[in-house]
1. Given A:PRO126, A:PRO87, which one is modelled with pLDDT of 95 or more, of a type outside the set (Lys, Arg) and surrounded by fewer than 19 Cβ atoms within 10 Å (Cβ to Cβ)?
2. Assess whether A:THR201 counts as being in contact with a Lys or Arg (Cβ under 7 Å, 6 or more places away or on another chain), assigned to a loop (DSSP other than H, G, I, E, B), of a type in the set (S, T, N, Q) and within 25 Å of A:ALA320 (Cβ to Cβ).
3. Are any residues in segment B:99-143 assigned to a helix (DSSP H, G or I), more than 9 Å from every other protein chain (Cβ to nearest Cβ) and surrounded by fewer than 18 Cβ atoms within 10 Å (Cβ to Cβ), and if so, which ones?
4. With the checklist (1) hydrophobic (A, V, I, L, M, F, W, C); (2) open to solvent by 60 Å² or more (accessible area, probe 1.4 Å); (3) within 29 Å of A:HIS202 (Cβ to Cβ) in hand, flag the one item B:LEU16 doesn't pass.
5. Can you work out which of the residues in segment A:23-52 that are open to solvent by less than 20 Å² (accessible area, probe 1.4 Å) and among the β-branched types (Val, Ile, Thr) is farthest from B:SER47 (Cα to Cα)?
6. Within segment B:64-73, does at least one residue satisfy the condition of being within 16 Å of ligand 2 (Cβ to nearest atom) and over 15 Å from the mean Cα position of the chain (by Cα)?
7. Among the residues of segment B:56-90, which ones are touching an Asp or Glu at 6+ places or on another chain (Cβ under 7 Å) and under 15 Å from A:GLY23 (Cα atoms)?
8. Looking at (1) more than 18 Å from B:GLY131 (Cα to Cα); (2) within 7 Å of ligand 1 (Cβ to nearest atom), which is the one condition that is false for B:ASN58?
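The values are calculated or read from the model by the stated rules, or taken from the named source; none is laboratory data. All of these numbers come straight from a predicted model, not from anything done at the bench. Please note: Cβ atoms are built from the backbone with ideal geometry, for glycine as well, and neighbour counts cover all protein chains shown. Surface accessibility is based on the protein's heavy atoms, side chains included, excluding ligands, DNA and RNA. Shrake-Rupley method; radii C 1.70, N 1.55, O 1.52, S 1.80 Å.
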Amino acid sequence: MIKKESYIGKSVKRKDGPEKVTGSAKYVGDLKFGSMLYAKILRSKYAHAKIIRIDTSKAEKLPGVKAVVTGKDFPQRMGLYLLDRTPYAVDKVRYYGEPVAGVAAVSEEIAQKAIELIEVEYEELPAVLDPREGMKEGAPLIHPDLKNYEHVPAIYPKPDTNISNHFKIRKGNVEEGFAKSDYIFEGEYYVPQIQHTPIETHTAIVMCDSTGKFTIWSSNQSPNAVRKILSHSLKIPMTKIRVLGPYCGGGFGAKAGVNIEAPLIPLALKLRNKPIKYVTTREEEFRDTFVRQGMYAKIKTGVTKEGRIVAQELEMVWDAGAYNEYGVNITRAAGYSSAGVYDIPYMKTDSYCVYTNKPNGGPLRGFGMSEMHWAIEQHMDMIAHKLGMDPIEFRLKNIQRDGSTNATGQVLKDVGIEKCILRAKELIGWEEIKGEPKPELSSGKVRAKGLACMIKAPAMPNNAASSAIVKFNDDGTVALLITAQEIGQGAFTALAQICAEELGVPEDWIKVSQPDTDYTAYEWQTVASRITYSAGNAVIRAARDAKRQLLEMGAKHFGVPLEELDVYDGYVYVVADPARKIAVKDIALGLTLPDGSGWGGPVIGKGVFIPEGVVSFDKETGQSPKGVSHWTYGVQAVDIEVDVDTGKIDVKKVVAVYDIGKVINPDLAKAQTEGGIIQGLSTALFEEMKFDEKGKLLNPSFVDYKIATAAELPEMIIDFIETPLEDGPYGARGFGEHVMVPTAPAIANALYNALGIRINTLPLTAEKVRKAIKEKYGI
Amino acid sequence: MISVRFKVNNEWVELLVHPHHRLIDILREELDLTGAKEGCGGGECGSCTVIMNGQPVNACLVLAPEVDGAEILTVEGLSKDEELDIVQEAFIDEGALQCGYCTPGMIMSAKALLMRNPNPTREEVIEAISGNLCRCTGYIRIVNAVLKAAQKARV
Ligand code: FES
Ligand code: FES
């Protein structure tokens, strides 16, 4: 017998490591082509205004300028879920920073000069900056044509309002639930818009050749979605659009769907055979790429004397910005996840996606979950305190377990949240908390612990598909063709491990392709923490298909039945007699029979995956027996120290425990968690996009918009629970975004446990904390 | 246009450049050394960090005239053929990178630290890389990698 070593559950080193540490890894900004042109974009200086006149004549005359375009050159609307967005503003601008005109020139400097020569006359319109105002009757309409916009069936825009989607949960009659409750607790919570700030800003190169074929190099998470959306709006077949994805310098959702590729399209149409490059400046990145939506939450919860939650009414109003093509689905995801990790018999949720004259809301790591859990998880702690119960004890009474139903009425199984909570409790060294905190202020520092839970499902269309192709080189090494993007999460490594495991070849024989929509196998998008789960399943199937073909070759070669053979370490061998073996390289491209003739042909394996049995939510009630492919649960507990004099929160320790099913690569999973904790901590303490009363962003730089640095590093303790997922690869669940979701509410809960102050708006800045201390204690 | 002559990765180069061009433009556009990345253009992110005359600098803040006569080391100059520098190796071993965009800058900040202080404390490492932003890794593995590289260099 051959003793096989498994790649699954092994911390294989990142495949992209050597390229990335040597500077060999190429990002779009590193690419250069002969006769390349450079684009710059003129952006709106108003949040909401009519465009009266644009005069581009001076810019056009500037030597070195090759083309100037405006909204009328390409007025087609595009978008992922709701087609509401044009590459350049048409007739009116809807946010400060919106593209108004584009220039392509022989150098960036000349393009920039040309931009400054374009004259635009605006007539300012009243702007909607607060979605709660925007959803009121009589508010200025940002998209008067909303009723005519194309959209997917799963979203519900309200014509003649600023509401681009209204997702509802009606689980039982919530009033009945409140009637059965002993206490009612109400709370309001708010998160501001924040920025992803990938360190690589959005960058793309677009070229249209003389046959009308587009080639697009883009730092993007969604090559196939880019192709689909552009082909729809350009009305050309997909064979005429090729999207390539070199390494992507961080996405976090900002690079999902179509982004800055779009404004380059009308320029490329005018300038055939010229690759046009556009590198977003950091300031533009802040103003004009996706942001995490702001959100106002109102929760009302009915609870029994014993501390059992009976009913929850939740209203979420999303500050979704000027174009909601993607944001509509975030609103939906928060709606169907709105029970959080709790088993709540009666529920009513209204999640409203609302247009505002602000930057475009889009996916940001967590896809609505960070925002929603900021509200729910603080609210749960607040209730526990009011009931005089320990926050963990209260949670354990109310969490989902096997057989519980969630917001959508789905009966749950394989629920691992209890294990996560208990493990986190142990790792942080939780001491029971009952009653109001009584801080010792005299020492100037107060220390406390806090905890928050989270839940998340991949938010994607029911039929979001993955596929993979496995083929061999002459030397037996393997090309794995997929269109998943390596955005830093380690997809290439995890998928190579899976491929090697199934094929029976060494992991370092696998070369994972970068996306090239002309040649690599279809992938919906690299979003939703779905790649290991969905593409992983496709890779398993592709590798098994290829292996079966190798075994067929082996069976012919050895003259034994296929069932008696296996593949390991690059050899096909007879299981009963492992000395009888043949190298994969000698058969992968076809077999040579003893008489010298050929047989078979190159082995090519294919595999596909769609999560099965995902059923659409009912429009009126949001109910579905299985509305999402699966759920991933997790918990974070923090230990913080608050400086009473300055209000500064110092996060000393973070414990994170997630039930991610089978851990494919423990090191990569841990690394994801560490990064997410710091991103979560950063949003908790520092991050907020600040606007003036006219809707102009005031802090579009790293000086004024601080993100966490190495100086903020807490101690991190990370652990995983492995409750297998039925249709996950080896039982793996989707994981990645989850890690930043509970950090902020855990810190807020710790702040309450420290000082008895609850700050319901992000971020928890030193000023806010200091002010709250002063209000409460008068010092 | 001005003429600048400087040493980059141990080779002298002489170029005609605009005086307002920045070191990062010279490296990336003129010399095709695209390892150093631009993340902000304003000295705020550190992704363009290279070593100039033994000191880490933000290549986006150094103008062409200052480069004349200087000695520049970029990430491309760290490895010889496929043999990696100790810092590069440590980044791989510790898994101290994800998207990789901040990585060349991080590595050069770390390298500069070890050049002037082969024996840094954890705090000194944190201090040395606190001008380099990373949105992916949460920094911990980077700090560990630099400490590991220092330790390896000692034995
Ligand atoms: S690009 Fe030089 S510091 Fe950011
Ligand atoms: S690895 Fe992505 S920014 Fe550092």
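1. Details: A:PRO87 fails: surrounded by fewer than 19 Cβ atoms within 10 Å (Cβ to Cβ).
After ruling out the rest, the residue left standing is A:PRO126.
2. Details: in contact with a Lys or Arg (Cβ under 7 Å, 6 or more places away or on another chain): yes; assigned to a loop (DSSP other than H, G, I, E, B): yes; of a type in the set (S, T, N, Q): yes; within 25 Å of A:ALA320 (Cβ to Cβ): yes.
Yes: the conditions hold for A:THR201.
3. Answer for segment B:99-143, where residues must be assigned to a helix (DSSP H, G or I), more than 9 Å from every other protein chain (Cβ to nearest Cβ) and surrounded by fewer than 18 Cβ atoms within 10 Å (Cβ to Cβ): B:MET115, B:ARG116, B:ARG122, B:GLU123, B:GLU124.
4. With respect to (1) hydrophobic (A, V, I, L, M, F, W, C); (2) open to solvent by 60 Å² or more (accessible area, probe 1.4 Å); (3) within 29 Å of A:HIS202 (Cβ to Cβ), B:LEU16 is out only on (3).
5. Only one residue fits best here, namely A:ILE41.
6. Checking segment B:64-73: not a single residue is within 16 Å of ligand 2 (Cβ to nearest atom) and over 15 Å from the mean Cα position of the chain (by Cα).
7. B:LEU78, B:SER79
8. (1)
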